[in-house]
Amino acid sequence: MTRDDSRSLEPDPQGLDRVRPEVRALAGEIVAWRRDFHRHPERGFEEVRTAGRVAEALAGCPGFRVRTGVARTGVVADLEGDRPGGPTLLLRADMDALRVEEESPQLEYRSVNPGVMHACGHDGHMAVLLGVARVLSGMRARMQGRVRLVFQPAEEGPGGAEPMIAEGVLRDPRPDAAFGLHLWSRLPLGYAGLRAGPMMAYTDEIGIEVRGRGGHGAYPHEGIDAIVAAAQLVVLLQSIVSRNVAPVDSAVLTIGRVEGGTVMNALAERVTLNGTQRAFLPETRDLCARRVREAAEGIDRAMGTRSEVRYTARYPALVNDEAMTRLAQRVIEGALGAGRVRDDMLSLGGEDMGFYLREIPGCFFFLGAGNTSRGCDAPHHSPRFNIDEDALLLGTEILLRLAEQFVVPGTARP
Ligand SMILES: [Zn+2]
Ligand SMILES: [Zn+2]
């Protein structure tokens, strides 16, 4: 089930009127940062130039203590308010690009790195967080508390959140709340989407090796055909979501790769299946994992094969804190306008922001960046993906308003 797409991408730019002058004055720089990142995309844990540009931009934000090389290419920037005490807020942006060849020849800031592209909008996430840094830097005198900006590598894989947590981004001090956004081309500019509780899925990788016994294709009774067994297993696995998972719950099991056999007239000795499993709830995840093993065992018994099932846990479900989500919703509505926040977002995509939100109460939300009239309606990871850059100003304004809720005493509750 995906409810993260909207039929039409009719943008509603009314929120731009509420963007504060300090952010508006930065518009040129924020867009320039984003285009620079876009032009020079780097893949997970290779964000060396990117990290350098981030650190350079942060050097222009007085008051920030900047650490680079966190989890290899990550950057962490702490700003301490002049007033003593107060809470610590974490804001996170991811940094990595994808192995996608950009297909927008007319784009003046198109990728110069062959086969690599910012096709998910992470270039925009960094630009937003740098915009936030610039404005916050001028607010230190009014601040009581700390803001920690986390520029995290490798969201698309193999995952940068976990190593950054291992290197201490949730310590000294421990953040009281964490927020992050994802620019979303399936939502029109001027809209946002979130959900309290599980919003994105557990992502697990499945590897199954089905072992038979090779032989001549004309004498199948003398061997054990791993291909016939694997084919039955693939079909049987599809009954787990349709027959074992409750229809009102959600899960996905996709076998995306099959490999086996050597020649057309020999029995395959072994077949490897690789797939991905998604679920929102831990019990559903466990149920699917158990049934995958049972299906493999059942096929083994019926067909005489020996199968080995391997699970690799990738990202945990992304679970938004109830109270933080309500707060975020009110803050975002204050910026974008009443009725501009959908609270029913649900995606079986994975997102390693889930690692932070497993430890710290917070909220991750989608910010509309789609606009058909500007050619910004391609899906994420598409070679024609692009965002309406006006969303960068809205994102900066929203994160600043969230930060004010925590570290600027006297800020009105929305
Ligand atoms: Zn992505
Ligand atoms: Zn992404």
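Table for the structure above
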quantity	calculated
Expected-Rg normalisation [2.2 N^0.38 Å, Cα atoms] applied to the chain	1.09
Summed residue charge, Cβ within 10 Å of ALA317's Cβ, Lys/Arg positive, Asp/Glu negative	+2
At R0 = 56 Å, FRET efficiency that the Cβ-Cβ distance of ARG213 and ARG174 yields, to 0.05	0.50
Ordering of 163-173, 100-110 by packing [mean C-beta count within 10 Å, highest first]	163-173, 100-110
Projected area averaged over orientations for region 269-329, convex hull of C-alpha atoms, nm²	5.4
Nitroxide proxy distance, nm - points 7 Å out along Cα→Cβ at ARG20 and GLU103	4.2
Reduced Cα scattering model of region 202-315, Debye log10 I(q)/I(0), q = 0.14, 0.21 Å⁻¹	-0.56, -1.04
Extended-chain gain in nm, criterion 0.36 nm per residue less alpha-carbon gap, ALA266 and ASP82	58.7 nm
Protection-proxy order for peptides 241-252, 143-154, each taking the mean of Cβ atoms within 10 Å per residue, highest first	143-154, 241-252
Highest to lowest packing among 38-48, 123-133, scored as the average C-beta count within 10 Å	123-133, 38-48
Surrounding net charge for GLN144, when Lys and Arg each add one and Asp and Glu each subtract one, Cβ distance under 9 Å	+1
Kyte-Doolittle mean at least -0.5 and Cα axial length at least 24 Å: DSSP H helices in the chain	390-407
Helix-only [θ]222 nm of the chain, DSSP H runs n ≥ 4, -39500 (n - 2.57) each, per residue, nearest 500	-10000 deg cm²/dmol
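Each reported figure results from applying straightforward, stated rules to the coordinates on display, with no laboratory input. Note that the structure is a prediction, hence the values are computed from the model and not measured. We place every Cβ from the backbone using ideal geometry, glycine too, and count neighbours over all the protein chains shown.
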